[in-house]
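Throughout, read-outs are computed from the coordinates displayed, never taken from laboratory work. As the structure is a prediction and not an experimental result, all values here were calculated from the model. We place every Cβ from the backbone using ideal geometry, glycine too, and count neighbours over all the protein chains shown.
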Amino acid sequence: MNNIYSTKLVQKLTRASVNQLKYWVRISLVSPEKKGKYSLYSFKDIIKLQVLVSLRRKGLSLQRVREGMENLSRMLPDDEPLSRLIIYTDGIDMIVVEKGKYFSAITRQHYFRFDTEQIGAEIVRLQNHDGSLVRRNGLLENGEKVAALPNG
């Protein structure tokens, strides 16, 4: 998108203060186009600012946000990577989901995800499928005692 947006509109969209926007421009977190004394932001800038504001509100330090954004720019060759990512924070790390893969934008550590409820359901399904392992009142047909499956 080649549209450009005024500081006033960007401020309303992102809920960032004018001082925050000026500071983030000064430290090169965003680089709007300058027309005289006015800053004009691209759609890409707005996405970046939305992410920045959201992460800051969730407690992630500006230093860690900056580090994560810089790493994302290096790691992802796409011209507009932030618009297609899901980003989470616990106030300490910046976890990114891209194409079903999880990684830290700050440490670049990769994570895997699995659903323990799904694993528990699969165990029950397999036990019920195998006639010798059907559970009845906490006991298997062969009399062996079983523990309840954890929930989550």
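What is the local net charge at residue 13, summed over the other residues whose Cβ is closer than 13 Å to its Cβ (Lys, Arg +1; Asp, Glu -1)?
Here the charged neighbours net out to +3.
How charged is the neighbourhood of residue 34? Take every other residue with its Cβ under 15 Å from the Cβ of residue 34, and add Lys/Arg as +1 and Asp/Glu as -1.
Around residue 34, the charge tally is +2.
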